[in-house]
Amino acid sequence: MPQMPPPTVLPDILRERAAAEPDRTAYIFLDDTGEETAALTYGQLHAAALGVAQELATRCAPGDRALLVFPQCLEFIVAYFGCLYAGVIAVPLNPPRRNRIQDGTRSVVQDCAPTAVLSLELFLAPLRAALEPLCAATHWLAVDGMPAAAPGFEPFAAALDDVAFLQYTSGSTAAPKGVMVTHGNLMANEEMIRRGFGHDRDSTVVGWAPFFHDQGLIGNVLQPLYVGATSIVMSPATFIRRPLLWLSTITRYRAHTSGGPNFAFEACVGRAAAGPVPELDLSSWKVAFNGAEPIRPDTLRRFEETFAPHGFSTGAWYPCYGLAEATLLVSGGAPGRGRRLLEVDVEALGERRYVAATGARTKTLVGSGHVLPGEDVRVIDPESGEQCPPDRVGEIWVAGGHVAQGYWRNETVTELTFRAGGKYLRTGDLGLLLDGELYVVGRSKDLVIIRGRNYYPQDIEQTVQAAHPALRAGAGAAFAIDGPEGEKLVVIQEIRRTADADPADVAADIKAAVLREHELALADLVLTAPDEVQRTSSGKIMRSAARKRYLAKEFELWTPQIEALTDAPRS
């Protein structure tokens, strides 16, 4: 009997798993208390996705776009594979909040021009009221009410070069852009993740990142299906409210892989300090990936100290680096290797040079792993276009089968971003490639340049947040504005909800710390209320948005009296 060719695209993999192991559990969804409220086997997912595909096929042509607007739920996964089965380009979207359309949402809807919107029956009416003015000629479809596909319905036969979905960028430095991810890009990156993370069918994954974000979709949804494993998922809101439930879930399901941005680990440490810590056994956790924002060595150390007594191994750390334009993953370590730290001289780093730390002004960089098989990663001098020697900071350029095809309907920016040197993706991130390890030091667009010296805003923000106990960690933005004598430094910083401090004392401590650590004087400091500094869905600080709001004088100034009212008990 002739052997079937290996699957070439993810829909083939789902069909094969549904045929071979229809009753194997693919996904389990947990509610706010950690209870299992929904599950999907491979067979159920395949059948439900076929029903969605048949419905789409009557209304859309292959290549049309469909918005996927869901709360965190398994129906999103059904809708996503329904789009793949129909040849329709899925567009995951951050749902509007309280019927208010965010600027990023408006931009995405207008840019992709959807033919259909998929959601749950409960949400269709409010979604239609909010979004229909932006996409009038659209079909509104409830996934949870769709009938099964008719016998004999044949899904669309996708090719590797076909666009599978549009992953819109976070908008941390500019308006969101639709990254065109093909089926071939997905397969290439899923294989990189499998090899890099050491996955097989027994590698249970636990995740809470939103499905409209690349980490949630490609890492927590598609990678488990790619290797035939089971994924346990919960909502981001559940994690924010109960960070330690994440660790309890890892314990309960003996998870191999789980992770998130740096702030997730910080949140667990903070909640554990407030106590009590539930009974945990984290010994099964082999890949604790940390990415999507600057990885802070202090966070790693505190997490280790807090949870080593509960079975967490330092070898489980898996710092990594990726971005939507490369589908997801670019660099990572090896399971069991743990983190790599590099002590550098701050003065030299400001001149885009690496010098080993010797004096008082030092900084610890966390390595983001090594270059993975199947890709070419280089560090390039952004001015000369030449490859940097190992002791120089430059822009990270990436080439490989996982690099997406470009930005949707934006050929000009695609040419500048995806075709540098003919084949490289310009990431916009600055880094070092030293002894095979990639160290990411900041975003080129966020770089603060004062009197000819380079400053990385996340370093300034960290100094600010450590200056006084009233300040919220990970909740500030440092940026430069134009002044008569060149660029000037401005910092916006949130205050803790329970803070009881004199604003003048807080400001004095901040200014002294920035002067001491960076030899910089602040041109302006704005102490603001909690949740005023915008972040992306992955927790990145939106510094360009903060700068725009600052110039428009839109930040709410913090005073202890205002916060006292804000913190009044709620019924």
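None of the figures in this text is laboratory data; all of them are computed from the coordinates on show. All figures in this text were calculated on a predicted structure; none of them were measured in a lab. Because the Cβ atoms are built from the backbone with ideal geometry, glycine has one as well, and the counts that use them run over all protein chains shown.
Couple of notes before you dig in:
- Cα gyration tensor shape for the stretch 74-139, rounded if a/c is under 1.5, else prolate or oblate: prolate
- Overall dimensions of the stretch 226-297, expressed as equivalent-ellipsoid semi-axes from the Cα gyration tensor (√(5λ), whole Å, largest first), are 19, 16, 12.
- Two-site label geometry, A508 and I240: point separation in nm, points 7 Å out along Cα→Cβ: 3.6
- Ordering of 43-50, 260-267, 317-324, 293-300 by packing is 317-324, 260-267, 43-50, 293-300, highest average first (other Cβ atoms within 10 Å, averaged per residue).
- Of the residues A264, G422, G486, the one whose Cα sits farthest towards the positive end of the charge dipole of the chain is G486 (charges of +1 on Lys and Arg Cβ, -1 on Asp and Glu Cβ, taken about the Cα centre).
- Of W397, W140, the sequence from fewest to most neighbouring Cβ atoms within 10 angstrom is W140, W397.
- Computed helical MRE - 222 nm, the chain, DSSP H runs ≥ 4 contributing -39500 (n - 2.57), nearest 500: -9000 deg cm²/dmol
- Its Cα gyration tensor gives the stretch 448-566 an equivalent ellipsoid, and the semi-axes of that ellipsoid, as √(5λ) in whole Å with the largest first, are 22, 16, 13.
- Size estimate for the stretch 37-158 follows the Kirkwood approach: the inverse of mean 1/r over distinct Cα pairs works out to 14.4 Å.
- Local net charge near I240, Cβ-Cβ under 15 Å (Lys/Arg +1, Asp/Glu -1): +3
- Computed over the stretch 1-83, the ratio Rg/Rh where both radii use C-alpha atoms and Rh is Kirkwood: 1.03
- In the chain, the DSSP beta bridges split such that about 65 percent are antiparallel, to the nearest 5.
- Span-rule helices in the chain, defined as complete DSSP H runs reaching 20 Å or more along the axis (Cα) with Kyte mean at least -1.0: 42-57, 183-197, 503-518
- Unit charges at the beta carbon, dipole of the stretch 264-402: most positive-side option, V393, S313, G367: S313
- Working ranking of peptides 550-558, 102-110 by packing, defined as the average number of other Cβ atoms within 10 Å per residue, highest first, is 102-110, 550-558.
- In terms of other Cβ atoms within 10 Å, T358, T169 run from fewest to most in the order T358, T169.
- Here the stretch 280-310 and the stretch 116-181 have alpha carbon centers that stand 36 Å from each other.
- With the simple model of a label 7 Å out from the Cα in the direction of the Cβ, E554 to D31 spans 3.8 nm.
- Prolate/oblate/rounded label for the stretch 351-418 (Cα gyration tensor, a/c 1.5): prolate
- Dividing the mean sequence gap of close Cα pairs (under 8 Å, 6+ apart) by how many residues the chain holds gives a relative contact order of 10 percent.
- Of all DSSP beta bridges in the stretch 448-566, antiparallel share, percent nearest 5: 75
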